[in-house]
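The values are calculated or read from the model by the stated rules, or taken from the named source; none is laboratory data. Just so it is clear, the model here is predicted, and its values are computed rather than measured. With ideal geometry, Cβ positions are generated from the backbone for all residues, glycine too; neighbour counts draw on all protein chains shown. Protein only, heavy atoms only, side chains kept; ligands, DNA and RNA dropped before computing areas. Shrake-Rupley method; radii C 1.70, N 1.55, O 1.52, S 1.80 Å.
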Amino acid sequence: MELTLGPASGGAGRTVAVYRALRAAILDGRAPAGHRLPSTRALAADLGVSRGSVAGAYERLTAEGFLTARVGAGTFVTAGAPRPTAARRAIAGPLRPHPGWTLTPLPVSGEAPPPRHDFRTGIPDARLFPFDTWRRLVAAELRLGANGPGTYAEPSGHPALREAIARYLGYARSVHATAEDVVITNGAQHALDLIARVLLRPGDVAAVEEPGYPPARRLFTSLGVRVTGVPVDAEGLVVSALPDRARLVYVTPSHQFPLGRVMSPARRRELLEWAGSRSVAIVEDDYDSEFRFSARPLEPLCTLDRGGRVLYVGTFSKSMMPAMRTGFVLVPPGLRPAVVAARQVGDGHGQTAVQAALARFIDEGLFARHVRRAGRAYQDRHARVTAGLARIPALDVIPTAAGLHVAALLRPPYRSSAAILAAARRHGLALEELAAYSAAPDGAKQAGLVVGFGAVDPALIEEGLDLLGRLIA
């Protein structure tokens with residue numbers, strides 16, 4: 001807490017100045033309820049006044065109910081200390097975003113206590129993560145002499161982690177990559193931001209799946225890019241519907257988000273040919289390929305790419321936990337210096353100790369072990385959720401064999417899922433409607449539900465789905 005003393009004269013004047021500074025700090029919230037104040041000796045030395053001046057200010061504030069003195073513990077801001085009716089920080093200033101900025105923050109999964117039946121999407125089960133092992137690895141990297149803690153690191157990421165990711169992609173996804181191809185990011189969204197900044201200018205066209213991943217659409221829109229939704233059918237993105245002016249295509253071919261379908265081999269070849277004939281970049285988001293519950297997945301687009309058109313994006317938010325804030329992008333050689341420079345001017349570099357610990361986590365086989373263990377748990381939940389949804393007559397479950405969610409379409413006469421979701425919330429059941437992932441006009445949106453199973457208590461899956469069935473009936 002920083003205090004600034006106003007003008008004062010003489011000993012009594014200094015006491016008043018300290019009193020006023022402390023009182024202002026309490027009233028405007030800089031010294032919140034329960035905050036422990038420095039000792040009179042320490043604060044006097046910091047402010048350059050006598051200890052008696054500070055002691056006098058403390059005594060006056062205690063008498064007025066602002067402070068409470070505890071013998072042997074110190075002096076604390078009283079929980080019931082007076083607060084002004086209109087805090088200074090609440091006064092609206094003149095600054096506003098530019099007229100083109102229309103985005104506001106969206107709710108996030110961690111801002112409220114989870115509901116009893118938590119079928120929200122995109123949330124892995126933190127109980128499956130080996131925290132003790134991870135803590136040991138991070139602690140080993142957070143020490144003097146490890147990873148040059150007093151220096152600035154490479155913006156492209158810790159070399160050991162880039163090498164570990166390249167090796168992992170080779171045996172897990174059949175992706176041929178070297179450490180030079182890998183740029184470490186703060187998650188997949190950060191990777192999309194870097195790509196868009198070096199490839200797209202305001203007014204350029206980016207094509208995204210419809211329905212699709214809303215954060216990608218919001219990101220492109222925030223940069224002044226014109227975003228066009230392209231329909232998705234049983235084989236994936238409909239290439240024939242792509243706009244001719246598109247400069248970038250964002251796709252999730254291994255597990256389309258949110259429908260869960262896999263892009264067919266023929267459609268993959270068609271997309272690569274289309275992009276090659278028009279000098280278009282393809283961003284392949286392989287967000288949860290670690291968790292598959294059937295045969296080996298199809299090769300990623302970047303493996304089939306022979307023209308250097310594909311940027312392959314991955315994240316550890318689903319396979320480990322969102323708090324990791326670690327992802328990566330495989331960047332073609334011609335874009336690599338620009339993407340690394342964009343990372344550098346944006347935030348310099350990532351958390352070196354965390355990246356070094358993650359490299360060891362991968363190289364020592366601990367990541368693969370965790371994925372196997374978590375995968376078995378998710379496979380069981382996937383089967384139970386799919387079976388539970390299939391028992392609800394009003395739903396058509398879309399087959400899927402990967403990821404942490406299942407989508408289902410509502411049969412007629414349902415044209416919207418809004419009433420179902422409202423009723424579910426009242427009963428402590430959280431899930432999402434398919435329409436939330438679409439930017440189409442309301443009348444053109446598919447009516448359906450998206451049911452996640454990463455965060456749900458396994459013991460409550462059947463109970464929650466039975467409740468959902470009663471609400472839909």
Checklist (1) open to solvent by less than 10 Å² (accessible area, probe 1.4 Å); (2) at pLDDT 95 or above applied to VAL175, failing item:
(2)
I'm trying to understand the selection: among the residues of the stretch 193-226, which are open to solvent by less than 30 Å² (accessible area, probe 1.4 Å) and touching an Asp or Glu at 6+ places or on another chain (Cβ under 8 Å)?
ALA216, LEU219, VAL225
Can you name the residue in the stretch 22-39 that is in contact (Cβ under 8 Å) with a residue 24 or more places away in the chain and part of a helix (DSSP H, G or I) and is also nearest to LEU5 (Cα to Cα) among such residues?
LEU22
Mind checking which pairs have a first residue in the stretch 105-117 that is under 17 Å from GLY454 (Cα atoms) and open to solvent by 100 Å² or more (accessible area, probe 1.4 Å) and a second that is hydrophobic (A, V, I, L, M, F, W, C) and outside any strand (DSSP E or B), Cβ under 8 Å, 6 or more apart or different chains?
ARG116/LEU460
Those residues that are open to solvent by 40 Å² or more (accessible area, probe 1.4 Å) and at pLDDT 95 or above, I need them from the stretch 439-457; list them, please.
ASP457
Unique match (being farther than 24 Å from THR185 by Cβ and within 25 Å of the chain's Cα centre (by Cα)) among ARG268, ARG261:
ARG261
All-but-one check, VAL340 against (1) over 15 Å from HIS158 (Cα atoms); (2) in contact with an Asp or Glu (Cβ under 9 Å, 6 or more places away or on another chain), failing number (1)
The residue from ALA8, ALA44 that alone is modelled with pLDDT of 85 or more, of a type in the set (Gly, Ala, Ser) and open to solvent by less than 60 Å² (accessible area, probe 1.4 Å) is ALA44
One residue from ALA383, ALA436 being in a helix (DSSP H, G or I), within 21 Å of GLU209 (Cα to Cα) and open to solvent by 10 Å² or more (accessible area, probe 1.4 Å)
ALA436
Hey, among LEU471, LEU467, LEU460, which residue is under 27 Å from the mean Cα position of the chain (by Cα) and either open to solvent by less than 40 Å² (accessible area, probe 1.4 Å) or not small (Gly, Ala, Ser) (or both)?
LEU460
When you scan the stretch 346-380, how many residues do you find that are surrounded by 15 or more Cβ atoms within 10 Å (Cβ to Cβ), assigned to a helix (DSSP H, G or I) and not small (Gly, Ala, Ser)?
14
If I filter the stretch 168-182 for residues that are part of a loop (DSSP other than H, G, I, E, B) and without any contact (Cβ under 8 Å) to a residue 40 or more places away in the chain, do I get at least one hit?
yes
Any residue in the stretch 139-159 that is among the hydrophobic types (A, V, I, L, M, F, W, C) and within 30 Å of ARG381 (Cα to Cα)?
no
If ALA160 satisfies every condition in (1) open to solvent by 20 Å² or more (accessible area, probe 1.4 Å); (2) more than 23 Å from PRO337 (Cα to Cα); (3) assigned to a helix (DSSP H, G or I) but one, which is the exception?
(2)
Is it true that some residue in the stretch 459-471 is closer than 25 Å to PRO214 by Cβ, among the β-branched types (Val, Ile, Thr) and at pLDDT 95 or above?
no
Does ARG143 satisfy being farther than 19 Å from LEU366 by Cβ, open to solvent by 80 Å² or more (accessible area, probe 1.4 Å) and part of a loop (DSSP other than H, G, I, E, B)?
yes
If you take the residues of the stretch 122-137 that are open to solvent by less than 20 Å² (accessible area, probe 1.4 Å) and under 18 Å from the mean Cα position of the chain (by Cα), which of them is nearest to PRO458 (Cα to Cα)?
ASP125
Which pairs turn up if I take residues in the stretch 189-217 that are under 22 Å from LEU335 (Cα atoms) and look for partners that are among the polar types (S, T, N, Q) with beta carbon separation below 7 Å, at least 6 apart in sequence or on another chain?
ALA191/THR185; LEU194/THR185; VAL205/THR228; ALA207/THR228
Which pairs turn up if I take residues in the stretch 413-426 that are small (Gly, Ala, Ser) and look for partners that are open to solvent by less than 10 Å² (accessible area, probe 1.4 Å) and assigned to a helix (DSSP H, G or I) with beta carbon separation below 8 Å, at least 6 apart in sequence or on another chain?
SER417/LEU434; ALA424/LEU468
For ALA79, are the conditions met, namely being more than 17 Å from SER39 (Cβ to Cβ), part of a loop (DSSP other than H, G, I, E, B) and either touching a Leu at 6+ places or on another chain (Cβ under 7 Å) or modelled with pLDDT under 80 (or both)?
no
